[in-house]
Amino acid sequence: RILIIDFGSQYTQLIARRVRDCGVYSEVHPWDMDAAAIRDFRPSGIILSGGPESVNESDPPGASQTLFELGVPVLGICYGMQTMAAQLGGRVEAADHREFGYARVRARGHTRLLQDIEDHTTPEGEGMLDVWMSHGDRVCEMPPGFRVMASTDSAPVAGMADEERGFYGVQFHPEVTHTTQGKRILSRFVHDICGCEHLWTPGNIIEDMTARVRQQVGEDHVVLGLSGGVDSSVVGALLHKAIGDQLTCVFVDTGLLRHQEGDQVMATFARHMGVRVIRVDAEERFLKALEGVTDPEEKRRIIGRLFVEVFDEEAGRLTNARWLAQGTIYPDVIESAGSSTGKAHVIKSHHNVGGLPETMKLGLVEPLRELFKDEVRRIGVELGLPSEMVYRHPFPGPGLGVRILGEVKKEYADLLRRADHIFIEELRRDGLYDQVSQAFAVFLPVRSVGVMGDGRRYDFVVALRAVETIDFMTARWAHLPYEFLDRVSRRIINEIPGISRVTYDISGKPPATIEWE
Ligand code: XMP
């Protein structure tokens, strides 16, 4: 296993994902991880991440000296290389000009790390790599024992190696896809240099996790809030495999779900897999609580609170449950560890159990705590969940409640469900569903005039929204083909009495958000 020491780079999680893509387990820990914890981790290799600081500032974050004394290989990336250089007796200075973005480095192919890895060869026979650089400082004097492994005109030491100790540093970022040979470089490090085997596979992960869950809960019963989303679905499938009938799922149908979503959840889990699922039909309760409420945040609060209430009531009835399962995943864990105390425990708001009856005293089961989203999806498929469920676009906790502008009514939710379903069905038919990150319809409670046959219509408006994004923090609207939009619009207006106009949302984020409320 590989220990990744985080100095605050925006790419640290990416390093961990790339290493796991190589089939090797990795964990991210903060730079001030203490020496005992480092030893307990027993890494086969260590990667020092990049970071925003400069080693020449006063009191820069440094790597624990223990990291260099364990006798295992160390790879420093960007700031990680600089702190390695400074801590092992070299020198780092501010570069004349900063380098950000694409760069071509001469790769001196004599090191184990870069041997035979190159994008181009110069007429002189030197290897060249196309890489992604971002640095303001550069190593000007290498520590004793190191040799130059890569260089550019502005950074004579863009890579350095002490092969005897297995210490390597690169100024560029092998973890980002812009560095075309990045995956091979990381694979060379973890497999050939650290000697890790390709053991982190979906099958092994499942085996390992089911064994751990069995050990954690023994003969006890576990309750899980199933939402139909990817994470809770995969937890459900995993726990069912691990403990069978000791698992009870509670599925709250809020009446604000997508077309036939409740039936699909029941079909997959209850009928197909034989999971014990309690379906709570709470539509009336949710609609009643939302009556007359138009403010988006107020709607969110009401839906969230009611969800917890309903879930608690059902869970409270399961008198033998000792554990509550949650779909917490690794990015949630890293984010909370990065915050103030480092020990914060994130409870997903959707499954917030703050109100569970005191007497229940449930322990937490979080089998996905170590997994990234793409790993969760892969084990979901391996566990036999339908891929439409596992690769579904994200759906907000408050559901259609925030896609019906203003007051929520059953009539509106029914119209919206149908329009949304047509949009999604057509996206799938044209192979566009997986090309966009999120797509949905929004209900606008305004009427507009139309004609159909000889009749005049005066009906509601639906807006279609489709975006492309990596992280959902920024997004661009998807440039869907006109013919496609035309077909969706015709179908919606022809097939759904009550909707007479369709618009397409061409706002980016920022300044617009992805959802309309
Ligand atoms: P926005 O609208 O903020 O959406 O650009 C970014 C992503 O977050 C989802 N989203 C939510 N998810 N509860 C959730 O669980 C919410 O209240 C909520 N609001 C937005 C949204 O669907 C998108 O993927």
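Overview of values
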quantity	calculated
D (Stokes-Einstein, µm²/s), Kirkwood Cα radius, the chain, 1.002 mPa s at 20 °C	83
Nearest-0.05 FRET efficiency for residue 97 and residue 165, computed from C-beta distance (R0 35 Å)	0.65
FRET efficiency, 1/(1 + (r/R0)^6) with R0 56 Å, evaluated for residue 374 and residue 451 via beta carbons	0.70
Share of Cα-Cα pairs in segment 163-251 lying beyond 17 Å, as whole percent	65
Local electrostatic count, residue 282, Cβ distance below 11 Å [Lys/Arg +1, Asp/Glu -1]	-4
Relative contact order for the chain, counting Cα pairs under 8 Å that sit 6 or more residues apart, in percent	10
Which of 34, 137 has the fewest Cβ neighbours within 10 Å, and the rest in rising order	34, 137
Using a Förster distance of 51 Å, the FRET efficiency for residue 276-residue 504 (Cβ separation, nearest 0.05)	0.75
q = 0.13 Å⁻¹: log10 I(q)/I(0) that the Debye formula gives for segment 204-297, counting C-alpha atoms only	-0.52
Distance between segment 290-333 and segment 477-517 - C-alpha centres, whole angstrom	31
Cα-based Kirkwood hydrodynamic radius, segment 2-193, one decimal, Å	16.2
Stretch in the chain that is longest and holds no trypsin sites (Lys or Arg not before Pro) that DSSP places in a loop and that have at most 10 other beta carbons within 10 Å	1-342
Bridge type composition, the chain - antiparallel percent by DSSP, nearest 5	50
P(r) histogram, all alpha-carbon pairs of segment 131-213 included - 10 Å bins from 0, percent	15, 35, 28, 13, 8, 0
For residue 477, net neighbour charge (Lys/Arg +1, Asp/Glu -1) across residues whose Cβ lies under 11 Å away	+1
The chain, dipole about Cα centre (Lys/Arg Cβ +1, Asp/Glu Cβ -1), debye to the nearest 20	1080
Mean Cα-pair separation over length for segment 453-517, i.e. relative contact order, pairs under 8 Å, 6 or more apart, %	45
Cα-based shape type of segment 202-390, given that a ≥ b ≥ c are square roots of the gyration tensor eigenvalues and the cut on a/c is 1.5	rounded
Residue order, fewest to most surrounding Cβ atoms within 10 angstrom, among 461, 55, 19	461, 55, 19
Proximal charge balance of residue 128 [Cβ under 9 Å; K/R count +1, D/E count -1]	-2
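Bear in mind that the values in this text are calculations on the coordinates, not laboratory data. Fair warning: this is a prediction, and the values are worked out from it, not measured in the lab. Neighbour counts run over all protein chains shown; Cβ positions are idealised from the backbone, glycine included.
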